[in-house]
Every structure is written in structure tokens, then in C-alpha cells.
Amino acid sequence: MTTLKSILEIDPSIIRSNIQKLKNKTSNTSNFLAVIKSDAYGHMLNNIVSDIDDLVDGYGVVRLDEAIDLRKISQKKIVLMQGIYSQEDYLLAKKHDLDIVVHNELQLNIIIKNNNFENLWLKVNTGMNRLGFEIDRFLEIYKDYLEDINFTLMTHLAASNKKDDPSNTEQFERFERLYKDLHSGVTKSIANTGCVLNFPDKCFDWVRVGIGIFGGYIGNEELKTAITLKSPIINIKELNIGERVGYDGRAIAEKRMKVATVYLGYADGLPQHIKDGTVVKVNNQDASVFGKISMDVTTIDVSDIKECNVGDWCEFFSPNHSINNLASANGLISYDIMIRIKSRVERVYKKIS
Ligand SMILES: *Cc1c(COP(=O)(O)O)cnc(C)c1O
């Protein structure tokens, strides 16, 4: 046991404010599905749900067990976004009143066998080529089973974060051509965060928003990072010109400098290949990674920090220092950083302010 620890602080007030900002971008007729797969992108799903339940129309998750746990704390719509894979799954999904996504023949056969077409989301492939029925096959399924059934037609964009990527137009066109021929009880869903921000007129009936809620969408400064990852400085040392720091001596002092060692490494979930120069904050001033990330510690250049002492916090990201800075500087995505933070980093969940 040690008293020293790194902390991941989660601020639900920021998440609420991000949701409000995102809702303001969608039309009034769009319902808001908060996507909280993978423990709400690492933000403590259970706490988050009680703090945002009044703001959202439902939730999207991927695993059956997370959906069942979620049902214990929310009566809102819960969509099992990758559906069910066995009769046993099907019965559990029904028992807990989950909406089921159907994206392939195996899943469809389970539904047909049970002859219950309620609360389904049919997923079509409009170009991402990962999941979903081809459009011709979907139309056969529609004729055979769905002509009198209310369901949601869904698809997923491959490049919604790149506004000018031609695949977006192609995917929208395929989707729109398809739903024109369907009956009016069919609701539609295509928009993830990137789509809401870049193509707000494509929000349709249900938006499915994940990363934006947590402020991890690169290219939007309005949405704030809701977590602070901070770790104490445990050592400070002076370097002479030419001295090297850390494994393989990657970082070389080109002047006299001061280097601090921070109590957080890749065993805590910090990506190992973070580059020298990546900005972190110490006492609200910029410091930067200097030397390879070790398993348990990280070295940073604090030469320019006024008043820097052992015990001071180093912040890797926070509401005032977006997680997107860390992601962009290192060719990473914020999603991946968020879900990687290990349990030995203590989670501190703030009260709504
Ligand atoms: C994860 C996911 C989303 C949310 O995407 P973001 O980019 O995080 O907004 C939406 N739809 C599906 C099917 C997903 O798996």
C-alpha cells in the first residue's frame, strides 16, 4: 500500500454541458442516444448515467452484460448496438427490454425463429464494409418481414470526422435512396459525433453520440475534456549539456536543464510511444515530455517552470488542456487514450456543480 497515487478525475458537469451543446446542434425532432460503451469511454458508466439520465433519450452499448447492468439504473431505451449472438442472448435482451441491432444473417435467424420483430434496429452497409446487410439483401428482408413493422434503419459512417471525404456523400446517398422506399413508420439513425458536428442536417430520428459527450472530438474546441489525468512529481534533477534521459537515451539535453520524474507510466495506461515535446501542465504552465515513457514513470522538461517541486502535479490532460492535444501530437485518437487508463490510477468522480 502506498499513499502516492495518480488520479483520473471525472467531472460530470462538463459531460452535461457537452450533451447540451451537442443537442443544440441537432434538430428538435432528433432523439439523443448517449453512446456509453466500454464503461462510458472510461468515465465510470454507473455514475455518469445517474447524472445524465434526464438529458438523454436512451443509451447505446455493445456488450450484453453492460446493457443488463445499465438496465438496473435506467428505464430509458437501451440499444444493444452489435446485437445478440445466441438464443440465450436473445432471451436476456428481451427480459431486460433492450433494443436489438440486427446486422447479419445469424442474428436475423434468431429473430425469425422467435417471430418477434419489436424494438429492432436493422443495420445496413452503406460503404464501411464492417457490419450490416447489403442493401439488396435488406430489401428482401424488408419485403419478407418488416413491411408492417416499426423499426429503426441504421448505418455507420466511415469518415464522419473528415468533412470533405467523398465517402460521406456516397454513404448518405445510399442511405437516402434506400429509406425513400420504406414505410413511414421506419425511423432512421446514422449520426455519430462527427456527423452531428459536420453534417447536422443528417441527424434524422436518432443520433448516436459518444466521443463528443466526453470532449474527445478532434477539431471542436467547444466541447471540453471531462477528465483530468494527473500524477505527482517524485523527483527533480538538473542535467548538463549532452546528458541523456531515460531508455535508449532518446532525449539529449542541448542546454542545462531541469527534468522532473512523474509517477505515471505505460503500466498506468499512458501510451508508450508518446513523443518528446508533448505538452503537459505543471502549476498551470507548459512542460513537455522528455525521454521515453517507462513502465512506471515519465520524465518531463520543467526547465521553464517557475516554482516546481517534488509533490507538484503533472497534468497530462484536463478540461483546460484537451485530451486532443495529447492525441494529435502523437498520432493517437482520444477514444483509445480514454479507455486505456488502468485501475491503479484512482478514479475520483466529482459532484455536479
Ligand atoms: C461507438 C459508436 C457510436 C459513437 O461514435 P462516436 O464517434 O464516439 O460519437 C455510434 N454508433 C455506433 C454503432 C458505435 O459503435
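The values are calculated or read from the model by the stated rules, or taken from the named source; none is laboratory data. What you see is a predicted model, and the numbers here were worked out from it, not measured in a lab. Neighbour counts run over all protein chains shown; Cβ positions are idealised from the backbone, glycine included. In case anyone asks, the SASA skips ligands and DNA or RNA and just uses the protein heavy atoms, side chains included. Shrake-Rupley method; radii C 1.70, N 1.55, O 1.52, S 1.80 Å.
Just a few scattered comments:
- Qualifying positions in the range 172-203 - within 19 Å of the chain's Cα centre (by Cα) and not hydrophobic (A, V, I, L, M, F, W, C): 189, 192, 193, 194, 198
- So residue 326, is it modelled with pLDDT of 95 or more, under 22 Å from the mean Cα position of the chain (by Cα), surrounded by 15 or more Cβ atoms within 10 Å (Cβ to Cβ) and in a loop (DSSP other than H, G, I, E, B): no
- Yes/no for residue 116 being assigned by TED's automatic domain parsing to the domain that holds residue 25, more than 16 Å from the ligand (Cβ to nearest atom), surrounded by 12 or more Cβ atoms within 10 Å (Cβ to Cβ) and free of Cβ contacts under 8 Å to residues at least 24 places away in the same chain: yes
- Condition met for residue 68 (crowded, with 19+ Cβ neighbours inside 10 Å and in a helix (DSSP H, G or I)): no
- Elements of type strands (runs of 3 or more DSSP E) contained in the range 189-305, each with 3 or more residues being loosely packed, with under 15 Cβ neighbours inside 10 Å: 227-239
- Every listed requirement among (1) of a type in the set (Val, Ile, Thr); (2) open to solvent by 70 Å² or more (accessible area, probe 1.4 Å); (3) under 18 Å from the mean Cα position of the chain (by Cα); (4) under 18 Å from residue 263 (Cα atoms) is met by residue 310 save one, (3).
- Residue match in the range 87-94 (condition: open to solvent by 40 Å² or more (accessible area, probe 1.4 Å), more than 15 Å from residue 64 (Cβ to Cβ) and more than 16 Å from the ligand (Cβ to nearest atom)): no
- Just one residue in the set 157, 178, 106, 139 is in contact with a strand residue (DSSP E or B) (Cβ under 8 Å, 6 or more places away or on another chain) and either in the same structural domain as residue 24 (by TED's automatic domain parsing) or within 16 Å of the ligand (Cβ to nearest atom) (or both); that residue is 178.
- Residue in the range 87-98 that is in contact (Cβ under 8 Å) with a residue 24 or more places away in the chain and under 28 Å from residue 24 (Cα atoms) present: yes
- Hits in the range 126-136 - residues which are within 13 Å of the ligand (Cβ to nearest atom) and either within 22 Å of the chain's Cα centre (by Cα) or without any contact (Cβ under 8 Å) to a residue 24 or more places away in the chain (or both): 128, 130, 131, 132
- Test for residue 25: is it of a type in the set (D, E, K, R), away from the ligand (no atom under 13 Å from the Cβ), within 22 Å of residue 202 (Cα to Cα) and touching a residue at least 60 places away in the same chain (Cβ under 8 Å): no
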